[in-house]
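Inspection log for the structure reproduced underneath, given as C-alpha cells.
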C-alpha cells in the first residue's frame with residue numbers, strides 16, 4: 001500500500017477521469033446481440049444510440065391473447081445485471097398478472113431475478129405470461145378470479161378487452177394486430 | 001504537532017508501533033519508517049456495513065492506528081441487534097447504524113475520526129470509492145458484495161496505480177439450501193425459512209415482510225408450526241422464528257470477532273507492509289472446535305468481472321469499420337464471428353437485434369477516423385466470447 005501510495009505521488013496528474021464503460025452497458029450489448037427472438041417478438045429502439053431503453057412487441061400465436069400485439073417498455077439501469085431491468089406493459093390490458101397501470105407480476109423481474117439471467121429470459125418470461133396467465137399470483141384480482149372460476153368466460157372477456165371493449169365496467173385498449 | 005500530543009500518540013498506538021518500529025525476522029523486506037506511521041494515520045479507509053462485523057471492524061481499526069475511517073450502512077438499529085452489535089445501546093434503537101457507530105467510536109477513541117454515510121452502497125459513485133486507500137466489507141448480502149467487487153474491478157485503470165483498491169471481504173454463511181427448505185425439512189429452522197422464503201410471497205405477493213412487526217412474525221410462526229407438524233419436527237417457537245428471520249442465530253458474537261479481527265489484521269498488513277498478506281482466502285469453522293484453513297482462490301481466465309482488461313491494437317484510421325471487423329474475424333488470436341462495437345456505452349455497430357443493426361449499418365462504411373479518435377477504447381462483444389474485449393485502437 002505504501003508503495004502504491006508513493007507511486008501515486010510520482011504519477012500525480014495522470015489523467016484520472018477516462019470515460020469508463022460500466023459492466024452493465026457491456027452486458028446489455030452482449031445480451032442484445034445474442035437475443036434469440038421468436039417470430040412472435042419484435043423490438044424497437046426509439047433512440048438507437050441508447051441501448052438501455054427500448055420496446056418489445058409480443059404477438060402471441062396461441063392462447064387467450066392470440067391475435068393481439070402487446071407492447072412492453074424496458075428500462076435497464078446502471079446496476080444491471082445486479083438489478084433486474086424494469087419492464088412495463090404500455091397498454092391497458094385485461095390480465096391477471098398485469099395491472100391497469102402496466103405493472104407486471106413476473107417472478108424473475110422481482111424476487112427471483114439473478115444476474116445470470118438475461119434480457120432474453122425476461123422476454124421469454126413475458127411471452128409465457130401471455131400464454132399462461134397465472135391465477136395464483138394476481139395483480140388484477142378480478143381477472144384472476146375470472147380465470148379460476150370459468151376459463152371460457154375469461155377467454156371471452158379477454159377477447160372483448162383486446163378489441164377495445166370493457167370488462168366489468170373497465171374499458172381496455174384495442175391491441176389487435178394491424 | 002506539540003510534544004504532549006506526540007507522547008499521547010506514541011502511548012496510544014504503542015502496541016501497533018511495536019510492529020512498525022522494528023525489523024522483522026520473518027519478513028525481512030520490511031523496513032521501519034516514520035512515513036508508514038503517518039500513512040496509516042492519514043489514509044482513508046472505508047468500512048462497508050455497520051452490523052455485527054462492522055462494529056467489530058470499526059473498533060479494531062480505530063485501535064490499530066487508522067484515524068480517517070468512513071462507514072457506510074443503510075440500516076437502522078433494531079432491538080435484536082443489541083446482543084452482538086456492541087456499539088449500540090437500547091436508546092439507539094431506530095437510529096441509523098452508521099451514524100450511531102461513528103459517534104460511539106469518535107467519543108471513545110480520541111484522535112480517530114469516523115465519518116458515517118447512511119445510505120446504500122449503490123447510491124455512491126466511483127468518485128466516492130476512489131477516495132479510499134482500502135475497503136473492508138462486513139456485509140451479509142451476497143448481492144451487495146458482488147456489486148462492490150464489480151465496481152472496484154471496473155474502476156481499475158492500469159495507467160493509474162491509485163485506482164487499484166484492495167478489498168478485504170469478511171462474511172459469514174447465512175441461510176439454508178433452498179432444496180432442503182422446500183423438500184426435506186429436518187430442523188425447526190428449515191420450517192421457518194420455508195415460511196419466510198417460500199410461503200410468504202405465495203400468500204402476500206409483493207408485500208415486503210416487516211420483521212419488526214409482531215403480526216408478520218406471528219404469521220410466520222404459525223405457518224412454520226403447521227409445516228413442522230406435517231414433518232414431525234419439534235422446536236418451532238415464536239422467539240426462534242424471530243431469531244431465524246432476523247438472522248440472529250448463526251451470527252454468534254465470537255464468530256464476528258474472529259472474522260473481523262482477521263480482516264483488520266490484513267488491513268494493517270496491506271497498509272503498512274509490516275508482514276506478508278494472507279494468500280488469499282481464509283475460512284474459520286467453529287462448529288467442530290476451532291478450525292481454520294487458508295487457500296489461494298485462483299483467478300478465472302474467463303471471469304466475467306475481471307477478465308476484460310484492455311488489449312491494444314494498431315489499425316489504419318483511413319479504413320472503414322467494416323474493414324476493421326473483417327480484420328478481427330481473421331486475426332488468429334481473436335477470430336471473432338459477429339462482433340458488435342460500442343464506444344463509452346454508445347453503440348457503433350450492433351449485429352442484432354434487427355432494428356438496431358439497420359440503424360447502425362451506415363457506420364460500417366465510415367472510416368475509423370470519422371467514428372472515433374486514435375487511442376479510444378472500444379468495447380467489443382461476440383458470441384464466441386464469454387466476456388467482452390476492451391480494445392484500445394491506435395491509428396497508424
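The table that follows gives values for the structure above.
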| read-out | value |
| --- | --- |
| Single residue of segment B:159-177 satisfying the filter (surrounded by fewer than 16 Cβ atoms within 10 Å (Cβ to Cβ) and at pLDDT below 75) that is farthest from residue B:263 (Cα to Cα) | B:177 |
| Residue A:15 being more than 7 Å from chain B (Cβ to nearest Cβ), modelled with pLDDT under 75 and in contact with a strand residue (DSSP E or B) (Cβ under 9 Å, 6 or more places away or on another chain) | yes |
| Sole residue being in contact with a strand residue (DSSP E or B) (Cβ under 7 Å, 6 or more places away or on another chain), buried (at least 17 other Cβ atoms within 10 Å of the Cβ), more than 14 Å from every other protein chain (Cβ to nearest Cβ) and part of a helix (DSSP H, G or I), chosen from B:71, B:16, B:105, B:47 | B:105 |
| Residue B:210 being surrounded by fewer than 16 Cβ atoms within 10 Å (Cβ to Cβ), in contact with a helix residue (DSSP H, G or I) (Cβ under 6 Å, 6 or more places away or on another chain) and assigned to a loop (DSSP other than H, G, I, E, B) | yes |
| Residue that is nearest to the other protein chains (Cβ to nearest Cβ) [pool: residues in segment A:116-143 that are in contact with a helix residue (DSSP H, G or I) (Cβ under 7 Å, 6 or more places away or on another chain) and over 18 Å from residue A:58 (Cα atoms)] | A:138 |
| Only one of B:58, B:63, B:82 that is within 22 Å of residue B:258 (Cα to Cα), crowded, with 24+ Cβ neighbours inside 10 Å and free of Cβ contacts under 8 Å to residues at least 60 places away in the same chain | B:58 |
| Subset of segment A:141-169 [under 24 Å from the mean Cα position of the chain (by Cα), exposed (fewer than 14 other Cβ atoms within 10 Å of the Cβ) and under 26 Å from residue B:206 (Cα atoms)] | A:141 |
| Matching entry among B:281, B:291 (being over 30 Å from residue B:379 (Cα atoms) and at pLDDT 85 or above) | B:281 |
| Segment B:113-151, subset part of a helix (DSSP H, G or I), at pLDDT 90 or above and over 18 Å from residue B:55 (Cβ atoms), residue nearest to the other protein chains (Cβ to nearest Cβ) | B:129 |
| Residues within segment B:334-351 that are within 34 Å of the chain's Cα centre (by Cα) and assigned to a loop (DSSP other than H, G, I, E, B), tallied | 6 |
| Condition met for residue B:23 (in contact (Cβ under 8 Å) with a residue 60 or more places away in the chain, at negative phi and surrounded by fewer than 16 Cβ atoms within 10 Å (Cβ to Cβ)) | no |
| Filter result for residue B:261 (within 28 Å of residue B:293 (Cα to Cα) and part of a helix (DSSP H, G or I)) | yes |
| Residue A:119 more than 25 Å from residue B:204 (Cα to Cα) and in contact with a strand residue (DSSP E or B) (Cβ under 9 Å, 6 or more places away or on another chain) | yes |
| Odd one out for residue A:110 among (1) more than 30 Å from residue A:165 (Cβ to Cβ); (2) within 11 Å of another protein chain (Cβ to nearest Cβ); (3) surrounded by 16 or more Cβ atoms within 10 Å (Cβ to Cβ); (4) modelled with pLDDT of 85 or more | (3) |
| Whichever residue in segment A:44-85 is more than 28 Å from residue A:154 (Cα to Cα) and away from every other protein chain (no Cβ under 14 Å) and, among such residues, is surrounded by the most Cβ atoms within 10 Å (Cβ to Cβ) | A:85 |
| Failed criterion for residue B:358 (all others in (1) part of a helix (DSSP H, G or I); (2) buried (at least 20 other Cβ atoms within 10 Å of the Cβ) hold) | (2) |
| Qualifying residue in segment B:167-177 (condition: over 25 Å from the mean Cα position of the chain (by Cα), more than 12 Å from chain A (Cβ to nearest Cβ) and more than 30 Å from residue B:277 (Cβ to Cβ)) | no |
| Pick from segment B:264-277, criterion outside any helix (DSSP H, G or I) and touching a residue at least 40 places away in the same chain (Cβ under 8 Å), ranking: surrounded by the most Cβ atoms within 10 Å (Cβ to Cβ) | B:274 |
| Out of A:126, A:131, A:109, sole residue that is in contact with a strand residue (DSSP E or B) (Cβ under 9 Å, 6 or more places away or on another chain) and touching a residue at least 60 places away in the same chain (Cβ under 8 Å) | A:126 |
| Looking only at segment B:373-384, and only at residues there that are surrounded by fewer than 19 Cβ atoms within 10 Å (Cβ to Cβ) and at negative phi, the one that is nearest to the other protein chains (Cβ to nearest Cβ) | B:383 |
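Every residue, every condition in (1) in contact with a helix residue (DSSP H, G or I) (Cβ under 6 Å, 6 or more places away or on another chain); (2) farther than 19 Å from residue B:371 by Cα; (3) at pLDDT 85 or above, yes or no:
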position: B:295; (1), (2), (3): no, yes, yes
position: B:302; (1), (2), (3): no, yes, no
position: B:306; (1), (2), (3): yes, yes, no
position: B:317; (1), (2), (3): yes, no, yes
position: B:325; (1), (2), (3): no, no, yes
position: B:341; (1), (2), (3): no, no, yes
position: B:348; (1), (2), (3): yes, no, yes
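Let's see how each residue does on (1) crowded, with 17+ Cβ neighbours inside 10 Å; (2) at the interface with chain A (Cβ under 9 Å from one of its Cβ atoms):
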| site | (1), (2) |
| --- | --- |
| B:285 | no, no |
| B:297 | no, no |
| B:314 | no, no |
| B:324 | yes, no |
| B:329 | no, no |
| B:344 | no, yes |
| B:369 | no, no |
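Let's see how each residue does on (1) assigned to a loop (DSSP other than H, G, I, E, B); (2) within 30 Å of residue B:145 (Cα to Cα); (3) outside the structural domain of residue B:45 (by TED's automatic domain parsing):
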| site | (1), (2), (3) |
| --- | --- |
| B:198 | no, yes, yes |
| B:206 | yes, yes, yes |
| B:215 | no, no, yes |
| B:221 | no, no, yes |
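The values are calculated or read from the model by the stated rules, or taken from the named source; none is laboratory data. These figures come from a predicted structure and were not determined experimentally. Counting neighbours? That spans all protein chains shown, and the Cβs are built from the backbone with ideal geometry, glycine included.
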